[in-house]
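The values are calculated or read from the model by the stated rules, or taken from the named source; none is laboratory data. Worth saying up front: this structure is predicted, and the values here are computed from it rather than measured. FYI the Cβ positions are ideal-geometry reconstructions off the backbone, even for glycines, and counts take in every protein chain you see.
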C-alpha cells in the first residue's frame, strides 16, 4: 500500500472515530480495547485507533458528590480527555462525600447494599455511568499500593475483593483495571498477582495494567504476566539532579526528567506491549513533591513530558494537576502544599497545561496511526536535557518537538515527494505554514517557544 493510500485509510479510520462519538455512540461501540497488531499501540476491535489521553482524578470517588462529579466529567470530556484514573478506595475502609463506608463488613461483600439506599458502591456506579455517558473510560486503581504494603489487604482478601469488583463492573463498557498504585511490584507481589488474576478470572473483557512507583516501569516486575495487557511507567515529579538521598536509585543521576527513556527500557522486556507514562510531573506541584519552597512545575514542563513520551513511542499520555488529583477546595487540606483557598479543583481545570494536552492528541490523530515510530536518527547534532529534540513519524511525515526553541537541523531525506513544513505552537495548537522543504531542513523557532516542526508530503492541511 502506497503512502497516499495509507493516508486515505487513516482518514477513513478517523472519520469512523468521529462518528463513534455521535450523540448515541461511544468509543467502545468500535469494540473492546486491545493491543494493535504491532503491540505498540491501543486500538478497538474494528481497527479504530485509541490514543489514551488521561486525566488524573485519584480521589474522585471519595471527594466529589453527584453534581460535582457530573461537572468534572463534563469539563474533562470537553477538554478532550478519554480516560480518568481514580483510586477506588484510598483506605480500608474509605469514606466518600456522603460519609458512606466502602467496606462496612471488611472484605465480606455478600451484603454490600447500603441500608439507606445509596452507598459507597452506588456512588462509584454513578461515577462510572456518568463517565460512560461522556465517552470516558475509568482507569480503576483497585487499592492504593501503600495500603497493601501496610497489610490492609492480604491474598485471601484480594480474592474476595477482586471477585466483587469484577462481578460488579464486568458489564460496564468503560472500565480499565489498574493494579498497584505508586508501589514497587516487588512489594507484596503475591497480593498483586492474586488480585489481578482474580479480576481476570471473572472479567476477561477489559484491559489491565500496573501503576508502579516513581522512576520505574511495570515491565521491571510484570513483563511476562499473562494478566497484563499494556505497561505503564511513572516518570515522577523530580527535576534533574534531585536525588533526595535515595540509596536504591533505579536510574542514572541527572536523568530524572528524561521520561522518554522509559519507553525503550520497557520495550527491552519481552513480549513487547503498549506503554505510556501514567504519572509524570503534575502541573502546579512542587518539584520533588516535599519542599514547600521548591519551584512548581508549569504548563511548559507538562507539555515537554507529554511530547517527549509520546514521540518516543508511547500509546498515549496521562496529565495530572496537584489540585485536581486530590480535589482540594476551601476547607479541605491538600497534600503537597495544594491550597484549596487559593486554587480549588474547579479553577485548576482552567490552568493552561490542563487545556493544552488535547493538542498533542489531535496532532497524532492527523497522521497514519499504526506505523508511527521514533525517528531520533533524523535529528542532527541533538542536545541533552531540555535541549533534546524528540522526533517521531512514519511514511510521509516527520514530527520534531523542540522544548527550548533552539535551532534545528533535520534530515528529511526519508520523506519522498514534495515536502511542506509547518510549525505548531504547543501552547495553543495553532499552525503556521513555513514553506516547502528540501532533504535537509534548518529552522530556528522563536527563541524560548516550544512546539513541533511538522514535515510532510501527505495531503494534509492545518488551516
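Among the candidates 108, 91, the residue that is in contact with a helix residue (DSSP H, G or I) (Cβ under 8 Å, 6 or more places away or on another chain), surrounded by fewer than 18 Cβ atoms within 10 Å (Cβ to Cβ), in contact (Cβ under 8 Å) with a residue 40 or more places away in the chain and under 28 Å from residue 215 (Cα atoms) is uniquely 91.
Looking at region 148-162, can you tell me whether even one residue there is at pLDDT 95 or above, touching a helix residue (DSSP H, G or I) at 6+ places or on another chain (Cβ under 6 Å) and surrounded by fewer than 22 Cβ atoms within 10 Å (Cβ to Cβ)? Yes, the conditions are met somewhere in region 148-162. Of the residues making up region 229-243, just one is under 26 Å from residue 33 (Cβ atoms), touching a helix residue (DSSP H, G or I) at 6+ places or on another chain (Cβ under 9 Å) and not in a strand (DSSP E or B), namely 235. Mind listing just one residue for me: the one in region 180-207 that is within 18 Å of residue 34 (Cβ to Cβ) and crowded, with 24+ Cβ neighbours inside 10 Å and, of those, farthest from the chain's Cα centre (by Cα)? Checking each candidate, the answer is 199. A search for C-beta distances below 8 Å between a residue of region 60-85 that is surrounded by 21 or more Cβ atoms within 10 Å (Cβ to Cβ) and any residue that is part of a helix (DSSP H, G or I) and modelled with pLDDT under 95, counting only pairs 6+ apart in sequence or on different chains, returns nothing.
Select, from 405, 334, 396, 316, the only residue that is without any contact (Cβ under 8 Å) to a residue 60 or more places away in the chain and at positive phi.
Only one candidate qualifies: 405.
Residues of region 261-298 that are farther than 30 Å from residue 37 by Cα, assigned to a loop (DSSP other than H, G, I, E, B) and under 16 Å from the mean Cα position of the chain (by Cα): 281, 282. Determine which member of the set 301, 258 is part of a loop (DSSP other than H, G, I, E, B), out of contact with any helix residue (DSSP H, G or I) (no Cβ under 6 Å at 6 or more places or on another chain), over 30 Å from residue 199 (Cα atoms) and at pLDDT 95 or above. Only one candidate qualifies: 258. Where strands (runs of 3 or more DSSP E) sit wholly within region 1-107, those with at least 2 residues that are under 21 Å from residue 351 (Cα atoms) and at pLDDT 95 or above occupy 52-56, 83-87.
Of the residues making up region 286-333, those that are more than 25 Å from residue 402 (Cα to Cα) and surrounded by fewer than 20 Cβ atoms within 10 Å (Cβ to Cβ) are 289, 290, 291, 292, 293, 294, 329, 330, 331, 332, 333.
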